[in-house]
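Structure first, then comments.
Please treat every number below as a calculation from the coordinates, not as lab data. The structure presented is a predicted model; accordingly, all values stated were derived computationally and were not measured. Glycine gets a Cβ as well: all are built from the backbone with ideal geometry, and neighbour counts include every protein chain shown.
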Amino acid sequence: DVKVTQSSRYLVKRTGEKVFLECVQDMDHENMFWYRQDPGLGLRLIYFSYDVKMKEKGDIPEGYSVSREKKERFSLILESASTNQTSMYLCASRGSRLVYNEQFFGPGTRLTVL
Amino acid sequence: GQNIDQPTEMTATEGAIVQINCTYQTSGFNGLFWYQQHAGEAPTFLSYNVLDGLEEKGRFSSFLSRSKGYSYLLLKELQMKDSASYLCAVRKGSTLGRLYFGRGTQLTVWP
C-alpha cells in the first residue's frame, strides 16, 4: 500500500514564525503536491514537483516556498506565517507507472496561526 | 480556474441511490477523477474516467460525457458510512498533468 505521511496532524504557530511542513512518501513516486483545503473553497494547489529539485507553482503560491532535496520528501515552507494561512494542508504523491495515475494523499496537517 | 461545478450539499436515506453531478469547462481534457473524503481524513481515490461511458466498481459507478463536459458519480444501496464529501477533479494535458478540483459535494446519509 502507498503511504504518504505528514510530520504533524496539528500545529499551532505564531504570526511571523517560519513554519516547515514535511511530507514523505514510500512508493518512489516522481510527483508530489501540496494543497490547502478551506471550507467552501475546496482543494487548492500551492506547489508541486515533478522530480528532485524541481518545482512548479500552483494556483496560490504566494507566501509559500517548497523544497525537494530527496525523491521521497517534499517540504512546504511558510517563510513568515500569517493568520490567513490557517488551514488544512494536504500533501499528495503520484507515480507515473500507476494505471490511473491517481494521487495518494497524506492525512493532512491542520495549521493554526495565532 | 477550470470551472468545475458540483452541488455543495446532498442528502439521502440509507438503501437509496444518489447521483452527484459534476460539470466542467476545460481545454486539453485528459481524465476525470472522483475522490471520497470523510471528515478529518484524507481524500481517497474512487474512480477515473477518460473515455465516454460508465465505469462500475461495486456500489459506485462513474459516468463521463466529454462532449457535454459532464460526469456523475452514482452511489447505490447507500450506507451511513457513505456520508462524506465527494470531490470531482479534472486532469489537463499529459497523463502527468496536475488535477483541478471542484469544491466538493457534502453527502449526508440518514437512517
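Observations, loosely collected:
- Residues located in the stretch B:70-111, provided they are away from chain A (no Cβ under 14 Å) and in a loop (DSSP other than H, G, I, E, B): B:K76, B:E77, B:L78, B:Q79, B:S83, B:P111
- Filter pass, B:R66 being of a type outside the set (S, T, Y), under 21 Å from B:Q106 (Cβ atoms) and more than 10 Å from the chain's Cα centre (by Cα): no
- Test: residue in the stretch B:13-22 that is touching a strand residue (DSSP E or B) at 6+ places or on another chain (Cβ under 6 Å), within 30 Å of A:Y10 (Cα to Cα) and surrounded by 15 or more Cβ atoms within 10 Å (Cβ to Cβ): no
- Cβ pairs under 7 Å, 6+ apart, first in the stretch A:69-81 and in contact (Cβ under 8 Å) with a residue 60 or more places away in the chain, second among the charged types (D, E, K, R) and in a strand (DSSP E or B): A:A81/A:K13
- Qualifying residue in the stretch A:24-35 (condition: within 12 Å of chain B (Cβ to nearest Cβ), touching a Pro at 6+ places or on another chain (Cβ under 7 Å) and under 25 Å from B:N49 (Cα atoms)): no
- Within the stretch A:36-58, tally of residues that are more than 11 Å from chain B (Cβ to nearest Cβ), part of a loop (DSSP other than H, G, I, E, B) and of a type in the set (D, E, K, R): 2
- Within the stretch A:89-104, the residues that satisfy the criterion of being out of contact with any Cys (no Cβ under 7 Å at 6 or more places or on another chain) and either within 7 Å of chain B (Cβ to nearest Cβ) or crowded, with 16+ Cβ neighbours inside 10 Å (or both) are A:Y89, A:L90, A:A92, A:S93, A:R94, A:G95, A:S96, A:Y100, A:N101, A:E102, A:Q103, A:F104.
- Among (1) away from chain B (no Cβ under 14 Å); (2) not in a loop (DSSP other than H, G, I, E, B), the one test that A:T5 misses: (1)
- Tally, over the stretch B:25-44, of residues that are farther than 12 Å from A:Y100 by Cβ, surrounded by 17 or more Cβ atoms within 10 Å (Cβ to Cβ) and within 8 Å of chain A (Cβ to nearest Cβ): 2
- Filtering the stretch B:46-64 to residues that are more than 17 Å from B:G102 (Cα to Cα) and either of a type in the set (S, T, N, Q) or in a strand (DSSP E or B) (or both) leaves B:G53, B:L54, B:E55, B:E56, B:K57, B:F60, B:S61.
- Total residues in the stretch A:45-68, condition without any contact (Cβ under 8 Å) to a residue 24 or more places away in the chain and within 24 Å of A:D26 (Cα to Cα): 12
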